[in-house]
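The next block holds one structure in the form of structure tokens; read it before the comments.
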Amino acid sequence: MATPTVVLVPVWGAGHLMSLLDSGKRLLARAGRALSLTVLVMSAPTEHLAAEVAAHIRREEASGLDVRFVHLPAVEPPTDWVGIEEFVSRIVQVNAPHVRAVISSLPSPVAGVVLDFFCTTLLDVSRDLAVPTYVYFTSNAAMLAFMLRLPALHEEVPVEFEEMEGAVDVPGLPPLPPSSVPTPVTDKKNPNYTWRFAETDGIIVNTAAELEQSALAAIANGRCTRGARAPKVYPIGPVISFAPPPEQPHECVRWLDAQSPASVVLLCFGSGGFFAAPQAREIAHGLERSGHRFLWVLRGPPAPGGGRHPTDANLAELLPDGFLDRTKDRGLVWPTWAPQKEILAHAAVGGFVTHGGWNSSLESLWHGVPMAPWPLYAEQHTNAFTLVAVMGVAVAMKVERKRDNFVEAVELERAVKELMGGGEEGRKAREKAKEMKAACRNAVEEGGSSYAALQSLSEALYKGAVVVGTN
Ligand code: UDP
């Protein structure tokens, strides 16, 4: 039989596309020549995303890996959508006939389709073609436990989460404050995307068994799915996309070279985080008063008509008068995209104020850097809870969710001092982050839990391969 292929269906955006591609490449490494990869590339809805996707694919193609990219025909993005999840889901649905056509005409047997988190509506296509279907969950097991529990929660909680009394019960997690539920489910009136994770043949999660034992056990024994068996979960992480180091070190890295070990707090807020002047000034005051060294990646609000993409920061407009001058010996404000992974790998970084995107959180854990989460969008409020209350690798910071996630200067100052030196909470987070660094690295080594999960996934895919349609 020809080598069975695993069909990956990513969505655009660095945190999704790269993470799914990297998990596919790890799968290939485990499976040897037993499997190949086919990646279906949906046309991106904005020029910005299209350029980003093209750059990633060029890099992958240049690396000589045995990955086949199939570009799907352009489709019209919807114009009347409510939330970003619905927008993506609708584009995915419009792509369904193209996905079906490509899978039906693949020249090799199909080992399985691996759908991004946002693409589970494509289950109708893969079910119809009788192809095993997996979902790649770019977030963590805590979030997966919440999502599997969500259909029952919708019935049990008749009001919006923010109006409910008490805590949200998610098996495997400590009581979840309603203020920590993921942003996409905070508005019941929003005709939001319905996730269909429970219908898949397996869920691949970017976490490691050692990081989230309790949530993974609750999922496995059916406590999140009303006693019904959940699909098999494969915790194969941390999956982190490491690029080869550049020939010339980045300016941020050169600046860090001149700082002493664990002396710098990094602030960086993902691909979508930005601040307008009132919040940026508050951060500046907090950092100045903390007395600590800092590397602050600051992005400005989107340009008019520029969608949701942050712009390079105009520091003169965003920062208080004289701030850069007063802090020039101990701080660097970087106004555009920064090489976050290289920065977190640097010995000078001792703490990370992060929006808590799951990729950023894993990158921080990989290097044993404790965090202070400042959630802004998506599932980051739930991640902040997980990092602080479940894993203990972060210090809590008061983020005013109802005030557009505002943080006062005095609160940032307190959190930075706690994270970088301060009291018991900071000390425990630093210790726990070191433990998690070791756990992450052991998990992906030969004999580790994620290594074993990847092996078992690769075997399940190989055994499940089916001949589809005309192939
Ligand atoms: N990132 C980066 N430089 C930046 C901002 C982000 O390299 O200035 C990277 C970061 O290292 C991570 C990804 O972008 O790999 C962001 O993914 P995450 O899941 O943390 O957040 P999202 O952008 O999806 O909200």
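So, L324, is that one away from the ligand (no atom under 14 Å from the Cβ) and surrounded by fewer than 17 Cβ atoms within 10 Å (Cβ to Cβ) or not? Before you say what the answer is, go through the steps one by one.
Numbers: away from the ligand (no atom under 14 Å from the Cβ): yes; surrounded by fewer than 17 Cβ atoms within 10 Å (Cβ to Cβ): yes.
Yes.
For the condition away from the ligand (no atom under 16 Å from the Cβ), in a loop (DSSP other than H, G, I, E, B) and small (G, A, S), what is the one hit in A303, A338?
Values: A338 fails: away from the ligand (no atom under 16 Å from the Cβ).
After applying the criteria, what remains is A303.
Going by the conditions given, is F274 within 16 Å of the ligand (Cβ to nearest atom) and modelled with pLDDT of 95 or more?
yes
Residue by residue, here is whether (1) within 19 Å of A217 (Cα to Cα); (2) within 16 Å of the ligand (Cβ to nearest atom); (3) open to solvent by 50 Å² or more (accessible area, probe 1.4 Å) holds:
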site	(1), (2), (3)
V125	no, no, no
Y136	yes, yes, no
M147	yes, no, no
P158	no, no, yes
V168	yes, no, no
L176	yes, no, no
P184	no, yes, no
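How many residues are surrounded by fewer than 15 Cβ atoms within 10 Å (Cβ to Cβ) and assigned to a loop (DSSP other than H, G, I, E, B) when one looks only at the stretch 212-260?
15
Which of the residues spanning the stretch 346-361 are in a loop (DSSP other than H, G, I, E, B) and within 11 Å of the ligand (Cβ to nearest atom)?
Passing the criteria: H355, G356, G357.
Determine if the stretch 263-271 includes at least one residue that is without any contact (Cβ under 8 Å) to a residue 60 or more places away in the chain, away from the ligand (no atom under 16 Å from the Cβ) and in a loop (DSSP other than H, G, I, E, B). Don't jump to the end; show me each part of the working.
Our first condition is that a residue be without any contact (Cβ under 8 Å) to a residue 60 or more places away in the chain; within the stretch 263-271, this holds for none.
Checking the stretch 263-271: not a single residue is without any contact (Cβ under 8 Å) to a residue 60 or more places away in the chain, away from the ligand (no atom under 16 Å from the Cβ) and in a loop (DSSP other than H, G, I, E, B).
Of all the residues that make up the stretch 434-467, how many are touching a helix residue (DSSP H, G or I) at 6+ places or on another chain (Cβ under 8 Å) and either at pLDDT below 95 or among the aromatic types (F, W, Y) (or both)?
The number of residues fulfilling the criteria is 2.
Would you point out which residue out of S364, S450 is surrounded by 17 or more Cβ atoms within 10 Å (Cβ to Cβ), within 16 Å of the ligand (Cβ to nearest atom) and assigned to a helix (DSSP H, G or I)?
Testing whether each residue is surrounded by 17 or more Cβ atoms within 10 Å (Cβ to Cβ), within 16 Å of the ligand (Cβ to nearest atom) and assigned to a helix (DSSP H, G or I) leaves just S364.
Report the residue count in the stretch 26-51 for those that are within 27 Å of G272 (Cα to Cα) and surrounded by fewer than 18 Cβ atoms within 10 Å (Cβ to Cβ).
Residues flagged as within 27 Å of G272 (Cα to Cα) and surrounded by fewer than 18 Cβ atoms within 10 Å (Cβ to Cβ) within the stretch 26-51 amount to 5.
For R441, indicate whether it is basic (K, R), without any contact (Cβ under 8 Å) to a residue 24 or more places away in the chain and surrounded by fewer than 17 Cβ atoms within 10 Å (Cβ to Cβ).
no
Among the listed residues V390, V399, V369, identify the single one that is away from the ligand (no atom under 16 Å from the Cβ) and open to solvent by less than 60 Å² (accessible area, probe 1.4 Å).
V390
Which residues, taken from the stretch 1-58, are more than 17 Å from the chain's Cα centre (by Cα) and polar (S, T, N, Q)?
Passing the criteria: T3, T5, S36, T38, S43, T46.
If you go through the stretch 97-118 one residue at a time, how many are open to solvent by 10 Å² or more (accessible area, probe 1.4 Å) and either in contact with a helix residue (DSSP H, G or I) (Cβ under 8 Å, 6 or more places away or on another chain) or among the small types (G, A, S) (or both)?
7
The values are calculated or read from the model by the stated rules, or taken from the named source; none is laboratory data. Since we're looking at a predicted model, the values are computed, not measured. Reconstructed Cβ throughout: ideal geometry from the backbone, glycine too, with neighbour counts over all protein chains shown. Note: accessible area is taken over every heavy atom of the protein model, side chains too, but ligands, DNA and RNA are not part of it. Shrake-Rupley method; radii C 1.70, N 1.55, O 1.52, S 1.80 Å.
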